[in-house]
1. Compute the distance in nm between two label points, each set 7 Å from the Cα along the Cα-to-Cβ direction, one at SER126 and one at ASN44.
2. Residue by residue through the stretch 233-244, which ³J(HN,Hα) values in whole Hz follow from phi under the Karplus form 6.51 cos²θ - 1.76 cosθ + 1.60 (θ = phi - 60°), with glycine and proline marked x?
3. With a 10 Å cut-off between alpha carbons and a GNM built on the chain, which of SER351, SER250, SER206 moves the most?
4. I want to check the label-to-label distance for SER239 and ALA195. Put each point 7 Å from Cα in the C-beta direction and report it in nm to one decimal.
5. With all protein chains present, calculate the accessible area of GLU376 using a 1.4 Å probe and round the result to the nearest 10 Å².
6. Which of these, HIS350, HIS147, HIS377, has the largest mean-square fluctuation under a Gaussian network model of the chain (Cα springs below 10 Å)?
7. With all protein chains present, how much of the accessible area of the chain (probe radius 1.4 Å) comes from carbon and sulfur, to the nearest whole percent?
8. Where the centroid of each part is defined by its Cα atoms, how far is the stretch 90-145 from the stretch 300-337 in Å?
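The values are calculated or read from the model by the stated rules, or taken from the named source; none is laboratory data. All of these numbers come straight from a predicted model, not from anything done at the bench. Positions of Cβ are generated from backbone atoms using ideal geometry, with glycine treated the same way; all protein chains shown enter the neighbour counts. Heads up: the accessible areas ignore ligands, DNA and RNA and are worked out on the full protein's heavy atoms, side chains in. Shrake-Rupley method; radii C 1.70, N 1.55, O 1.52, S 1.80 Å.
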Amino acid sequence: MKKSVLLLIFVILLPSALHAQEGYLEVTASPDRKISLAVAPLINQGGGKSDDISRNTADALRFDMDLTGRFTILDTSQAALSSGIRPGEFDMAPWRAVGAEYLIKSAYLLNGNDAILEFRLYDVKSGSQLLAKRYSGKIKDARKMAHSFSDEILLLQTRERGPFTGKIAFVSKKSGNKEIYLMDYDGYNVQRLTANGSININPDFSPNGREIIYTSYKKGNTDLYRRDLFSTAEARISSHPGINITGRWSPDGSSIALALSRDGNAEIYAISKDGKQLSRLTRSNAIETSPAWSPDGSRIAFLSDRLGKPQIFVMNADGSNSVRLTRSGDYNVSPSWSPKGDRILYCRQHSGGFQIHSITPDGNDDLQLTSEGSNEHPRWSPDGRFITFSSTRDGGQAIYVMRADGSGQTRVSRSGSSDSHPVWSPRW
């Protein structure tokens, strides 16, 4: 990735007198009732007009806020418009009239290809301002700035920042081959990371979000590679004879768990991030793959067919004390441990395909989250509130997102090709 692309990834907060008020947004509605939210059209404050920046900013805010499941997004097309966004510059009455409880007002100022966006969140009933932020970037960064404000709204509301500025790495056959791509979590700003004309699968982000690992057949073997996202630097870090697949970074970034078949059948190993140190964790005659670290790095969930058919097991990070996790279903794969440590996702084979399940690390409270099409490759958002996955429900394979309880399932793939193996980046 060129240095110029790096500038597109990060949005710079300008020094400003605008600050979020201390504390957090007290939501008084019951959990069963959503808060009505209006997103006002952007106001042009000079330097020229851009329909793209207006459309993209409002669209990103509505998408983020709808996905949270906390808000009902109002149709405000008939609401009276006003020219100001700061306290005292506009009338709250039209927004009360359309039933808004909270209101996002925003404005932009253009200078060539650069833009300054200002966002403010209001409590409509009291008229009080709850949050104000100003961002600077390129015009094409408008969605990124809006996602940043959405993250701030969740921080204010829940004391935990949202994941909306994150990226999703995924596999796509858009070029005719399985290559690794990067996109905003909502499917915009797609960037191609590999172009080797081979098969590339199983991307995973480093804990700091600056690197990915993935498996590629480009040298003829299924080798594991580590790639820097902010340059073209890449290294082959595991090329043992046989498979080098399903690599996953440890939470502290010091090591990588993966499956190797160097000794015959596939077993779980841990390697240092440069691939020079190797430690075998499982020892059986079974096929064992797909390791997934617990957030504290003390345990690993993995797939094993030691009982005849694939099931999910959990072991200590040194390979000791292996216990069976899933006890329902004949074919269970693809574990993914939540960032909070309280749930593990996995895929169970049902008639017609796979469905995503969520279970506690002690094997209780098994919940089926999907039911339409065949759904695979589930991975958590960095805050554990959302899940990305691939699904065939619309015919071809595509990337979706949903809330952790399975609600709000929404397609984000926009390429029209076969997309799979999504993984949500850490916060950028």
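1. 3.6 nm
2. For the stretch 233-244, the Karplus curve yields 5, 8, 9, 8, 9, 8, 9, 5, x, x, 8, 9 Hz.
3. Maximum fluctuation in the GNM of the chain, among the listed residues, is at SER351.
4. Output for this residue pair reads 2.3 nm.
5. Using a 1.4 Å probe on the heavy atoms, I get roughly 50 Å².
6. So, out of HIS350, HIS147, HIS377, the one fluctuating most is HIS350.
7. It is 46 percent, rounded to a whole number.
8. Here the answer is 48 Å between Cα centres.
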